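The values are calculated or read from the model by the stated rules, or taken from the named source; none is laboratory data. Nothing here was measured: the structure is a model prediction, and the numbers come from that model. We place every Cβ from the backbone using ideal geometry, glycine too, and count neighbours over all the protein chains shown.
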Amino acid sequence: MNALGVYIHVPFCLSKCPYCDFYSVNFTAELLDKYMESLRQEIKKWSDAVKSDSQNLRIVDTVYFGGGTPNLLGVKKIAEVLNLIKMDFTLADDVEITLEVNPTKFGKIDFARLKEAGVNRLSVGMQSANDKELKLLGRTHNKQATEYTVKDAQRAGFENISLDLMVCTPGQTKASLLKSIDFCEKLKIQHISAYLLKLEKGTEYYLNKDKLDLKDENTQSEIYLFVCEELEKRGFHQYEISNFSTPNSQSKHNLKYWNAEEYIGIGPSAHSFLNGKRFFYANSLNEFINNPKTIDDGLGGDIKEYAMLQLRLSDGLRNTRFYEKFGVNIPQRYFHRAKLYEKYNLVKVSKDGFHLTKKGNLVSNSLIYKIIYDE
């Protein structure tokens, strides 16, 4: 039986960023206590639900605290959640435990205690190393706070740190983006998640999009390829459309999503994939506190979905893995359609499979649909 991933959604923020559509509410101590009590019960419930036939605890090899702003829990409560998971599941010897943190002033987060609690990977919400860009993004930190946070964590012994980098944001130029990339390199971190700004419905950015200095599609494409090239120059290998890492530093948890492996998400808005089914909690903290239940989201993990997810990876769809998972070869119609786009340098085809090129990544959603889902 394969190991599980566990995702904990921490739905608290001190303020809402204008581009963000992740579920979050304003932080209060009272809500935090109620959330923690429900979280305790749900962790136990899922542990009982996924025990093996021999009643052994299920092995977990990745834990990810996302949000929201997970570090608002504080070290004591983060350690408590991890202790609950350790009690109710069996942690793999090489378990990856990731905590998302926002940059903050020196000494604000006790990284030594976090490491002692078991956290061994950090994802830092930098977004930019340019203070003007950060202000336009509604962020409350500055470049110096990111540097403080990373160096403080490194002094505490963290050797697996990721920085978020938003691309094509208002006011951003190639020159300022290059400075952010140089900043990441100088900090000697292991991973970068580089996301193109996307206007999500309901966000402040979406409502005010006509007032924003946004890049057109051609400029976005040019800048995305520029970012990929510059990160590769600095030793960050692109292993997924938006993710780059130094050798052996890929996010094991995020790879579970793209490899269609099982994971349990706990918390309001958290999604899960288990026993071939997808389900999620509602976007409601009150419901998670008062009546925590999941909503069915249909079946998952079939041939088409697996192929779609694999094509987000730079390695792409490979027959060796495909046959191992499904007992059949990749459908020939996928190869035929992929070859149609190879001449446009959108796809690269080999005997064992095919993958999207960096240019193909720019139109990945429509391209994958045409290759996999068109009948």
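For region 150-176, what are the residues that are on the phi < 0 side of the Ramachandran plot and among the small types (Gly, Ala, Ser)?
Matches in region 150-176: ALA153, ALA156, SER162, ALA175, SER176.
Looking at region 1-33 only, could you name the residues that are part of a strand (DSSP E or B) and either surrounded by fewer than 17 Cβ atoms within 10 Å (Cβ to Cβ) or not aromatic (Phe, Trp, Tyr) (or both)? Break it down stepwise before answering.
Start the filter on region 1-33 by keeping residues that are part of a strand (DSSP E or B), which leaves 4-10, 12-13, 25-26.
The answer is LEU4, GLY5, VAL6, ILE8, HIS9, VAL10, CYS13, VAL25, ASN26.
Can you go through LEU317, LEU313 and tell me which one is without any contact (Cβ under 8 Å) to a residue 40 or more places away in the chain, buried (at least 20 other Cβ atoms within 10 Å of the Cβ) and within 22 Å of LYS359 (Cα to Cα)?
Numbers: LEU313 fails: without any contact (Cβ under 8 Å) to a residue 40 or more places away in the chain.
Testing whether each residue is without any contact (Cβ under 8 Å) to a residue 40 or more places away in the chain, buried (at least 20 other Cβ atoms within 10 Å of the Cβ) and within 22 Å of LYS359 (Cα to Cα) leaves just LEU317.
Only one residue in TYR224, TYR206 is of a type outside the set (Lys, Arg), part of a helix (DSSP H, G or I) and touching a residue at least 12 places away in the same chain (Cβ under 8 Å). Which one? So that I can check it myself, show each step before the final result.
Numbers: TYR206 fails: touching a residue at least 12 places away in the same chain (Cβ under 8 Å).
None of the other options fit; the residue is TYR224.
Could you say which residue among GLU147, GLU240, GLU200 is in contact (Cβ under 8 Å) with a residue 40 or more places away in the chain and either surrounded by fewer than 17 Cβ atoms within 10 Å (Cβ to Cβ) or at positive phi (or both)?
Working: GLU147 fails: either surrounded by fewer than 17 Cβ atoms within 10 Å (Cβ to Cβ) or at positive phi (or both); GLU240 fails: either surrounded by fewer than 17 Cβ atoms within 10 Å (Cβ to Cβ) or at positive phi (or both).
Exactly one residue qualifies, and that residue is GLU200.
Restricting to region 160-180, what's the tally of residues that are in a helix (DSSP H, G or I) and within 19 Å of ASN102 (Cβ to Cβ)? Don't jump to the end; show me each part of the working.
Step one: filter region 160-180 for residues in a helix (DSSP H, G or I), giving 174-180.
Adding the requirement that they be within 19 Å of ASN102 (Cβ to Cβ) leaves 180.
Qualifying residue count for the region: 1.
VAL328 is checked against (1) surrounded by fewer than 15 Cβ atoms within 10 Å (Cβ to Cβ); (2) aliphatic (A, V, I, L, M); (3) at pLDDT below 95 and fails just one. What number does that condition carry?
Of (1) surrounded by fewer than 15 Cβ atoms within 10 Å (Cβ to Cβ); (2) aliphatic (A, V, I, L, M); (3) at pLDDT below 95, only one is false for VAL328: (3).
Residue under question is ILE372, and the condition is that it be under 14 Å from ILE303 (Cα atoms), in contact with a Phe, Trp or Tyr (Cβ under 7 Å, 6 or more places away or on another chain) and not in a helix (DSSP H, G or I); does it hold? Step through it out loud before you land on a result.
On the way: under 14 Å from ILE303 (Cα atoms): yes; in contact with a Phe, Trp or Tyr (Cβ under 7 Å, 6 or more places away or on another chain): yes; not in a helix (DSSP H, G or I): no.
Against the criterion (under 14 Å from ILE303 (Cα atoms), in contact with a Phe, Trp or Tyr (Cβ under 7 Å, 6 or more places away or on another chain) and not in a helix (DSSP H, G or I)), ILE372 does not qualify.
Given the condition in contact with a helix residue (DSSP H, G or I) (Cβ under 8 Å, 6 or more places away or on another chain), of a type in the set (Lys, Arg), over 26 Å from SER284 (Cα atoms) and in the same structural domain as ILE161 (by TED's automatic domain parsing), answer yes or no: does some residue in region 74-83 qualify?
The answer is no; no qualifying residue exists.
For region 345-369, enumerate the residues that are part of a helix (DSSP H, G or I) and within 15 Å of LEU309 (Cβ to Cβ).
Taking region 345-369 first, the residues part of a helix (DSSP H, G or I) are 358-361, 364-369.
Selection gives ASN361, SER364, ASN365, LEU367, ILE368, TYR369.
Do we have any residue at all in region 169-182 that's under 24 Å from ASP21 (Cα atoms) and either surrounded by fewer than 20 Cβ atoms within 10 Å (Cβ to Cβ) or not assigned by TED's automatic domain parsing to the domain that holds VAL63 (or both)?
Taking every residue of region 169-182 in turn, at least one turns out to be under 24 Å from ASP21 (Cα atoms) and either surrounded by fewer than 20 Cβ atoms within 10 Å (Cβ to Cβ) or not assigned by TED's automatic domain parsing to the domain that holds VAL63 (or both).
Cβ-Cβ distance below 6 Å, separation of 6 or more or different chains: which pairs start in region 33-50 with a residue that is farther than 11 Å from ILE85 by Cβ and end on one that is crowded, with 19+ Cβ neighbours inside 10 Å and not aliphatic (A, V, I, L, M)?
SER38/PHE288; VAL50/ARG58
Residues in region 343-354: is at least one surrounded by fewer than 20 Cβ atoms within 10 Å (Cβ to Cβ) and farther than 26 Å from GLN250 by Cβ?
Checked region 343-354: at least one residue is surrounded by fewer than 20 Cβ atoms within 10 Å (Cβ to Cβ) and farther than 26 Å from GLN250 by Cβ.
Every residue in region 47-97 that is in contact with a Ser or Thr (Cβ under 6 Å, 6 or more places away or on another chain) and closer than 13 Å to HIS253 by Cα, please.
TYR64, GLU96
Please verify whether ASN142 is over 20 Å from the mean Cα position of the chain (by Cα) and buried (at least 22 other Cβ atoms within 10 Å of the Cβ), treating the condition exactly as stated. Walk me through it before giving the result.
Numbers: over 20 Å from the mean Cα position of the chain (by Cα): yes; buried (at least 22 other Cβ atoms within 10 Å of the Cβ): no.
No; evaluated as a whole, the condition is false for this residue.
Test SER128 against the stated conditions and say whether it is surrounded by 17 or more Cβ atoms within 10 Å (Cβ to Cβ), within 30 Å of ARG113 (Cα to Cα) and either in contact with a strand residue (DSSP E or B) (Cβ under 9 Å, 6 or more places away or on another chain) or not aliphatic (A, V, I, L, M) (or both).
Numbers: surrounded by 17 or more Cβ atoms within 10 Å (Cβ to Cβ): yes; within 30 Å of ARG113 (Cα to Cα): yes; either in contact with a strand residue (DSSP E or B) (Cβ under 9 Å, 6 or more places away or on another chain) or not aliphatic (A, V, I, L, M) (or both): yes.
Yes: the conditions hold for SER128.
Has region 8-24 got at least one residue that is more than 27 Å from LEU196 (Cβ to Cβ), of a type outside the set (Asp, Glu) and in contact (Cβ under 8 Å) with a residue 12 or more places away in the chain? Talk me through it step by step, then tell me what you get.
Keep residues of region 8-24 that are more than 27 Å from LEU196 (Cβ to Cβ), which gives none.
Among the residues of region 8-24, not one is more than 27 Å from LEU196 (Cβ to Cβ), of a type outside the set (Asp, Glu) and in contact (Cβ under 8 Å) with a residue 12 or more places away in the chain, which makes the answer no.
Quick check on my filter: what residues within region 116-159 are part of a loop (DSSP other than H, G, I, E, B) and within 30 Å of LEU199 (Cβ to Cβ)?
Of the residues in region 116-159, the ones part of a loop (DSSP other than H, G, I, E, B) are 118-120, 128-130, 137-142, 156-159.
Of everything in region 116-159, those that are part of a loop (DSSP other than H, G, I, E, B) and within 30 Å of LEU199 (Cβ to Cβ) turn out to be SER128, ALA129, ASN130, LEU137, GLY138, ARG139, THR140, HIS141, ASN142.
Answer yes if at least one residue in region 280-290 is surrounded by 21 or more Cβ atoms within 10 Å (Cβ to Cβ), within 30 Å of GLU217 (Cβ to Cβ) and touching a residue at least 40 places away in the same chain (Cβ under 8 Å), and no otherwise. Even if it seems obvious, please write down each step before you answer.
Restricting attention to region 280-290, the residues satisfying the condition of being surrounded by 21 or more Cβ atoms within 10 Å (Cβ to Cβ) are 281, 285, 288.
From the residues that got through so far, the ones that are within 30 Å of GLU217 (Cβ to Cβ) too are none.
Scanning region 280-290, I find no residue that is surrounded by 21 or more Cβ atoms within 10 Å (Cβ to Cβ), within 30 Å of GLU217 (Cβ to Cβ) and touching a residue at least 40 places away in the same chain (Cβ under 8 Å), so the answer is no.
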